[in-house]
């Protein structure tokens, strides 16, 4: 019994830091949802927000967890992180409304579309990452991020904007390209963190 309790406590401690990292990354997305990219803010259509550029960061957090602990912990990281965000929204919604600008608060349809799209793309990226593990360090995070990008936008944009006047299909194509570019950019911090986030035994050192 003592060993089981110790193993359970160890599992909880292992998931705390990954959940905090993913929760912080997701919170940053909502915080900068209404902040245009500075160099594009003077253009006629400045719909591109900083949150779009930050979207590859949560996938990086998931990949690091997958590298260290494997897909089971990465799946748990996604589920628990969104459960934490849901609890914060439910029990501290009034505080969030006072802290965040009104423009940064998505409507219910956008929020639901984002959660569904990210959970689905997160799960697919976890599977892709785990299946791409190997001696070439960049293969797994690159494949995982690209699969995440290609599965996120086709779910989010139609679910959030179909039937509206927004040219969502054009935006979807642009954001997909941005996320694929972000997948390449995230290889730099992934490479820098590889020595810190070493895989546990059983993953072949990858």
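Annotation for the stretch 168-185 versus the stretch 111-140: alpha-carbon center distance of 16 Å. Ranked for footprinting exposure by Cβ neighbours inside 10 Å, fewest first, 107, 170 give 107, 170.
Counting other C-beta atoms within 10 Å, which of 114, 169, 91, 82 has the fewest, and how do the rest follow? Write down the numbers at each step before the final one.
Details: 114 22, 169 12, 91 9, 82 18.
With the fewest neighbours first, 114, 169, 91, 82 line up as 91, 169, 82, 114.
If each residue of separation counts as 0.36 nm, what is the full-extension length gain between residue 184 and residue 27 once their alpha-carbon separation is subtracted?
54.3 nm
The ranking of 188, 112, 78, 37 from fewest to most other beta carbons within 10 Å of each one's beta carbon is 188, 112, 37, 78.
Descending by average beta-carbon neighbour count within 10 Å, the peptides 62-72, 17-27 line up as 62-72, 17-27, the highest first.
None of the figures in this text is laboratory data; all of them are computed from the coordinates on show. Please read these numbers as outputs of a predicted model, since none were measured by experiment. Quick reminder, even Gly has a Cβ in these numbers, built from the backbone with ideal geometry, and neighbours come from all protein chains shown.
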